[in-house]
Amino acid sequence: MRDTVRSTATKGAVSRNPGIDLLRGLAIVLVVFNHLGIRIPLEKSALADVLPTWLLNRLNWNGYEAVYVFFVISGFLIAGNALRRWGSLAAIDPRAFYARRFARIVPCLLALLAVLSVLHLLGVQDYVIHRAGQSLPGALLSALGLHLNWYEGHTGYLPGSWDVLWSLSIEEAFYLGFPLACLLLRWRVLLVPSMVLLALSLPWARAALHGNEIWLEKAYLPGMAAIATGVLGALLADACRPPRRTALLLGWLGALGLGAVILDGWAMWHWLRDGYMLLLTFSTLCLLLCCQWRAEAGGVSPLRGFGWLRSWGRMSYEIYLTHMFVVFAVIRAYRAWGGDTAHGWLWYAPALVSCWLLGAMVERWFSAPCERWLRMRLSGAANCDVVR
């Protein structure tokens, strides 16, 4: 019976989960809104005359929380894919695991670093590394060495297109050790408690970091705690199949919790302090479990009218790495046009469309072909059935 369930799950891996893509799409849109809002705040635009200021403010200031949603999704998907591929995390093949991560992450990362290096050397505004203690070699080494977050914590913020790589440093540092942890802690009775402790450490890890704004946002341990939450979710989704009503209840609880953090994060902070991040990560986990279990039960149709947002989720990595090029270009055009804050909201739509188009071009003509080629070369696997 277990083999039948495993076989069915493996066959289902060839298709994407529309609910998870939708959640990932929402997260990347919030990141783009955040980086636009730093420069063109919606609360200072004419929209404030028709929409509540608090709502406009929350649209602009959820980028950090959105990255943590990404962390949970990443842990859930990558651990889930490993379970479907090898049957258990104790049987994970480190070589194949690293090959797949390398094929997915490295082509776009190297291309981005090459472009940013050229722009820095040409002295293009918004792309020059100029802070004391920072240099192009230092930024390159930190990005490739997966410690750009640590580098910024010690030297200050890098230019925006470099700065987005802080989350990649945390995520890939986690996955460097993940297969080894799975092999060392071979039994779930050891692995699960370790992941639970890591996941629950999030508020205490953040509380211990107050005093350094950059390190508070970008330290390794809080981000890894969010990824561990996703790993726990994948193990839970693999271990049981609850009734449909239970899955729906989890979905509603997750939606309420995530909505509370996104729409009234200040209140959540007032009541829970750093614990509000646990509300964020476990609410995200509830939504992921609901999406997974409902998809496995069959008969779930994607929400109509949200195909555009699911497409953002499918290309979230490409959009995340490239969206700052669009943001800087739009801000320049906005200022050249006069920089009227009242009409600043009008620049959001073309910025979003341009971010999607750039991400789609990178995905279609660069990252997807490179990933397929590298997977075949590195692991000998011609199939690319695992959800990216």
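Since every read-out is calculated from the coordinates, none of them should be taken as a lab result. On a predicted model such as this, the values are computed, not experimentally measured, just so you know. All Cβ positions, even for glycine, are placed from backbone atoms using ideal geometry, and neighbour counts span all protein chains on display.
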Task: Degrees separating the helix 316-336 axis from the principal Cα axis of the chain, which is the longest one - done: 10
Task: the chain: calculated mean residue ellipticity at 222 nm from DSSP helix runs of at least 4, using -39500 (n - 2.57) - done: -23500 deg cm²/dmol
Open item on the list: Can you give me the angle between helix 220-239 and the longest principal axis of the chain, using Cα atoms only, in degrees from 0 to 90, rounded to the nearest 10?
Closed with: 40
Open item on the list: Using a Gaussian network model on the chain with a 10 Å cutoff between Cα atoms, which of W337, W61, W252 fluctuates the most?
Closed with: W337
Open item on the list: With a cut-off of 8 Å between alpha carbons and a minimum separation of six or more residues, what is the relative contact order of segment 174-255 in percent?
Closed with: 29
Task: Loop-located trypsin sites (Lys or Arg not before Pro) in segment 272-304 whose Cβ has at most 14 other Cβ within 10 Å (DSSP) - done: R304
Task: Principal axis box of the chain, alpha-carbon based, largest edge first, Å - done: 67, 46, 42
- [ ] Evaluate the relative contact order of the chain (contact order divided by residue number), counting alpha-carbon pairs under 8 angstrom at least 6 apart; express in whole percent.
- [x] 30
